[in-house]
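One structure coming up, written as structure tokens, with questions to follow.
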Amino acid sequence: MRFSCDTNDLNTSLSIVSRALAVRSPKPILEGILLESCEQGLRLICTDLALGIQTTIPATFTEEGRAVLPGKLLCEIVRKLPGGVCEVSISDRMQATIRCASIRTTITGFDPVEYPELPQVAGASFSMPQRTLRDMIGRTLFAIAVDESRPILTGCLMEVGRSEMRVVALDGFRLAMRKESIEGPESDVSAVVGGKVLGDIAKILNDTDEEVALCFSRSHVQMNVGATHIVARLLEGEFIRYRQILPQEWQTRVSVRSGELGSAIDRASLIAREGKSNLVCFRIDGDTLTVTSNSENGDMEEKIDVTTEGKDLTIAFNVRYITDVLKAISDDEVFMRFNSNVSPCVVCPTEGDSYLYLVLPVRVFGA
């Protein structure tokens, strides 16, 4: 196998596919990247069996073929090359020689015969802007569970109908949901995609209105982004019926500027994190929201002007959970809805329903 290509193109494609590179796999070949000739030029494939990524770049072949090269080493070598044309030749014994300018590097690869093929995915298909999908993932992914005792909660639920798509994540203490209007498939989709996989996918998606094509089968999802094809295995199991835990009514509703509240909580966290409980307390008294925190080292109090409907209330939260929610919101103003000091707080937009966050409070004596 012998070909030449642009070094920058090769570096970019390697950085994309290497997101699916296996680490310390019992199958050493999965720690490699498959290179093969195709009609479009050079095809690169990488998979750890849970996630597979394939992309192509223009290349000129003087000898077609395929080979698997050690992924981490190949990425590091190409990343440190100067720009210009890169020439790669691979012998029948899988000895690869990489030349660029005055640099020559030789590495040993694997026989590609044992490299697994990416699954073929057929099922419900639709397209949406890359920017939209990237945003939906980014604003919910923080709420997945990190505890492997319930594997299904380590991913995000994707619900797709003919006119709407929802992405939902929850870990037992908080819930994050984003929804958007789309032109969906003929049949409804309900699938759970692993959090790590979604994080890698979000980094590949661009902040543009260019389309990403999605296709769901019973076991996999495929996403096509330009010349890049991503295939991910779905998580098995039944996701929590989250709609049943969303409060439909409220006793207290506060309209608050999200940036002002976020800054107050950030300051309160300086004291809260010094204590064992890491708590921040909200005291709603008319149109004033008082944010407090305390620990063995001191205390903090800050008053914020808000617009309140309903009853006064005092409620406490884990400061990290409420901070994560506010970081995921770009609106200048939000609603916070409460029923009691032991019921979940709902954070939602003042107009529309494109997102909803739910945070469980912490029961404190005297609250």
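Identify the residue in the range 308-357 that is basic (Lys, Arg) and touching a strand residue (DSSP E or B) at 6+ places or on another chain (Cβ under 8 Å) and, among all such residues, is nearest to Ala268 (Cα to Cα).
Restricting to residues being basic (Lys, Arg) and touching a strand residue (DSSP E or B) at 6+ places or on another chain (Cβ under 8 Å), the top hit is Arg337.
Need the failing condition index for Thr47 against (1) over 30 Å from the mean Cα position of the chain (by Cα); (2) more than 17 Å from Ala96 (Cβ to Cβ), just the number.
Here Thr47 meets the rest and fails (1).
Out of the residues in the range 291-321 meeting the condition of being of a type in the set (Lys, Arg) and under 27 Å from Ala176 (Cβ atoms), tell me which one is surrounded by the most Cβ atoms within 10 Å (Cβ to Cβ).
The selected residue is Arg320.
A follow-up question, please. Give the residue that is modelled with the highest pLDDT, with candidates limited to residues of the range 174-184 that are crowded, with 18+ Cβ neighbours inside 10 Å and not in a strand (DSSP E or B).
Ile182
Before we move on, is Val197 hydrophobic (A, V, I, L, M, F, W, C), modelled with pLDDT of 95 or more and either part of a strand (DSSP E or B) or crowded, with 20+ Cβ neighbours inside 10 Å (or both)?
It is false that Val197 is hydrophobic (A, V, I, L, M, F, W, C), modelled with pLDDT of 95 or more and either part of a strand (DSSP E or B) or crowded, with 20+ Cβ neighbours inside 10 Å (or both).
Continuing with this model, one more query. Looking at the range 213-226, is at least one residue assigned to a loop (DSSP other than H, G, I, E, B), within 15 Å of Gln54 (Cβ to Cβ) and touching an Asp or Glu at 6+ places or on another chain (Cβ under 9 Å)?
Scanning the range 213-226 turns up at least one residue that is assigned to a loop (DSSP other than H, G, I, E, B), within 15 Å of Gln54 (Cβ to Cβ) and touching an Asp or Glu at 6+ places or on another chain (Cβ under 9 Å).
Conditions tested, residue by residue: (1) at pLDDT 95 or above; (2) within 16 Å of Tyr357 (Cα to Cα); (3) assigned to a helix (DSSP H, G or I).
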| position | (1), (2), (3) |
| --- | --- |
| Ser255 | yes, yes, no |
| Ser269 | no, no, yes |
| Lys276 | no, no, no |
| Arg283 | yes, no, no |
| Val291 | yes, no, no |
| Glu302 | yes, no, no |
| Asp324 | yes, yes, yes |
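If you don't mind, another one. Quick one: Arg99 ticks every box in (1) closer than 23 Å to His229 by Cα; (2) surrounded by fewer than 21 Cβ atoms within 10 Å (Cβ to Cβ) except a single one, so which number is it?
(1)
Now, a different point. Quick check: anything in the range 61-79 touching a helix residue (DSSP H, G or I) at 6+ places or on another chain (Cβ under 6 Å), loosely packed, with under 15 Cβ neighbours inside 10 Å, in contact (Cβ under 8 Å) with a residue 60 or more places away in the chain and outside the structural domain of His220 (by TED's automatic domain parsing)?
yes
Just one of the numbered conditions (1) crowded, with 20+ Cβ neighbours inside 10 Å; (2) of a type in the set (Val, Ile, Thr); (3) modelled with pLDDT of 95 or more; (4) within 12 Å of the chain's Cα centre (by Cα) is not true of Val160; which one?
Unmet for Val160, out of (1) crowded, with 20+ Cβ neighbours inside 10 Å; (2) of a type in the set (Val, Ile, Thr); (3) modelled with pLDDT of 95 or more; (4) within 12 Å of the chain's Cα centre (by Cα): (4).
For the range 82-95, indicate whether the set of residues that are among the polar types (S, T, N, Q), assigned by TED's automatic domain parsing to the domain that holds Thr12 and without any contact (Cβ under 8 Å) to a residue 12 or more places away in the chain is non-empty.
Within the range 82-95, one or more residues are among the polar types (S, T, N, Q), assigned by TED's automatic domain parsing to the domain that holds Thr12 and without any contact (Cβ under 8 Å) to a residue 12 or more places away in the chain.
Those residues that are buried (at least 19 other Cβ atoms within 10 Å of the Cβ), in a loop (DSSP other than H, G, I, E, B) and touching a Cys at 6+ places or on another chain (Cβ under 7 Å), I need them from the range 122-146; list them, please.
Those that are buried (at least 19 other Cβ atoms within 10 Å of the Cβ), in a loop (DSSP other than H, G, I, E, B) and touching a Cys at 6+ places or on another chain (Cβ under 7 Å): Thr140, Ile144.
The values are calculated or read from the model by the stated rules, or taken from the named source; none is laboratory data. What you see is a predicted model; the values in this text were computed from it and never measured. Virtual Cβ from ideal backbone geometry, glycine too; neighbours counted across all protein chains shown.
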